[in-house]
1. Could you tell me how many of the residues in the range 173-205 are outside any helix (DSSP H, G or I), over 30 Å from V245 (Cα atoms) and basic (K, R)?
2. Taking the residues in the range 47-75 that are within 21 Å of Y94 (Cα to Cα) and in contact with a Ser or Thr (Cβ under 6 Å, 6 or more places away or on another chain) as candidates, determine which candidate is modelled with the lowest pLDDT.
3. Restricting the search to the range 98-127, which residues are within 30 Å of T10 (Cα to Cα) and without any contact (Cβ under 8 Å) to a residue 40 or more places away in the chain?
4. Check R131, R170, R199 and return the single one that is open to solvent by 20 Å² or more (accessible area, probe 1.4 Å), modelled with pLDDT of 95 or more, over 20 Å from H117 (Cα atoms) and among the basic types (K, R).
5. If you check D86, D104, D64, D55, which single one turns out to be among the charged types (D, E, K, R), open to solvent by less than 60 Å² (accessible area, probe 1.4 Å) and within 24 Å of A156 (Cα to Cα)?
6. At pLDDT 95 or above, open to solvent by 10 Å² or more (accessible area, probe 1.4 Å), within 21 Å of A258 (Cβ to Cβ) and small (G, A, S), is that true of A163?
7. Which number in (1) open to solvent by 30 Å² or more (accessible area, probe 1.4 Å); (2) in contact (Cβ under 8 Å) with a residue 12 or more places away in the chain; (3) in a helix (DSSP H, G or I); (4) out of contact with any helix residue (DSSP H, G or I) (no Cβ under 9 Å at 6 or more places or on another chain) marks the one condition that R262 misses?
8. For residues that are farther than 13 Å from V178 by Cα and out of contact with any helix residue (DSSP H, G or I) (no Cβ under 9 Å at 6 or more places or on another chain), scanning just the range 232-249, find the one that is surrounded by the fewest Cβ atoms within 10 Å (Cβ to Cβ).
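The values are calculated or read from the model by the stated rules, or taken from the named source; none is laboratory data. All figures in this text were calculated on a predicted structure; none of them were measured in a lab. Virtual Cβ from ideal backbone geometry, glycine too; neighbours counted across all protein chains shown. Heads up: the accessible areas ignore ligands, DNA and RNA and are worked out on the full protein's heavy atoms, side chains in. Shrake-Rupley method; radii C 1.70, N 1.55, O 1.52, S 1.80 Å.
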Amino acid sequence: MHDETTSPSTETALVTGAAGGVGRAVVERFRADGWRVYATDVAAALDETDPWVDDDDVVTAELDVTDAADRERVRDRIAAETGRLDCLANVAGYALPGAVLDTDETAVRELYDVLVHGPTALARTAFDLLRAADGNVVTVTSSLARTVFPGTGHYAAAKAAAATTTDALRAECRGTGVAATTVEPAWVDTPFDERGLERLPPSADRHAAFAETYRRLERGRLLDGGLAAVSPERVARVVVHAATVARPRASYPVGWPAWGLRLVGHLPTPLVDAVRDTVADAVTRVREWRA
C-alpha cells in the first residue's frame, strides 16, 4: 500500500475484483494510460497476489463490496488522497452454476450481494467523489444474461439485475455529471470456469431430472466459452474506453459472441431454444474431443 497523495488533476479509478483475471487487466490498462488506480479485492485474494506492491501509481486495498465499513474506508482514503473519483469499475464477481431448483438459496443471496447490491451501495458511497470529477460508473455484466444457458440461470439473472440497475442509474444521473454504463462480454479467457465448477451443488442435492444440465456444465465449455472467449485485456480496453469517452453508450458488447447472444435473444422462442441447444452441444463435443 502507498500513503502518498496525488495531484487533484490526476485521473483516479477504483477497481473492484482486482485480483481476478479481468480486474487485473483493467488495473493494468488504467495504469498504462497514466491513471492512479485503487486496486481492491477481498483480503484473501489480495494476499494471494499483489503485483503492484512497489508501484506508486497503484494502491492496493482490501474491499469486500458487501461490507459497508470496507466501502466507507476506501471512499474516505480516496477522498483524503485525491478528492475525486473519475471511474468506479465494478468488476468483482463469480459464477454460481447449477440447476435453478438445486441451488442453495443462501448462495443465491450471496451472489446477488456481490453482483448487484454491493456495487450499487459502493456507487452510493462514492457518489460525491464521482460528481466532483464528472466520473463514470462502469459495471462489467455479461451477455449471457440475454440468452441464458441451462445451469447458468442464477448467474445470468444476477448479471441482468446488475445491468438493469446500472441503466436506471444512468437515467437518474442525467444532469449530474456522472455517467453509468455496462461492459458485456460473453465469455472471458480466465480461470472463471474452474472456480465456478467448485460451486456446483453437491451430487446429493442434484435432482435426477437435471442430469443433462450437469453433463453439459461439467464436460462442456458453458462457463468459459472455449474458442469463443475473449481475452481479459480486450475487456479491459473497453472498460477504460467507457470510462474516458465523453458520452458513453448505455452498454458495450465485447466480441462477436456477445453481439451474437444479443441477437439471439430477439429471435422467437423456438429458435432461441434451438440455437442455445446447438451451441451447448457443440461446445460440449469440442471439449470431449480435445480430452
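1. 1
2. Restricting attention to the range 47-75, the residues satisfying the condition of being within 21 Å of Y94 (Cα to Cα) are 47-50, 60-68, 70-71.
Narrowing further to those that are in contact with a Ser or Thr (Cβ under 6 Å, 6 or more places away or on another chain): 50, 61, 63, 65, 71.
On the way: D50: 62, A61: 93, L63: 96, V65: 98, R71: 98.
Top of the filtered list is D50.
3. Of everything in the range 98-127, just one residue is within 30 Å of T10 (Cα to Cα) and without any contact (Cβ under 8 Å) to a residue 40 or more places away in the chain, namely R124.
4. On the way: R170 fails: over 20 Å from H117 (Cα atoms); R199 fails: modelled with pLDDT of 95 or more.
Sole residue among the options that is open to solvent by 20 Å² or more (accessible area, probe 1.4 Å), modelled with pLDDT of 95 or more, over 20 Å from H117 (Cα atoms) and among the basic types (K, R): R131.
5. D64
6. yes
7. (4) is the only condition that R262 fails.
8. Restricting to residues being farther than 13 Å from V178 by Cα and out of contact with any helix residue (DSSP H, G or I) (no Cβ under 9 Å at 6 or more places or on another chain), the top hit is H241.
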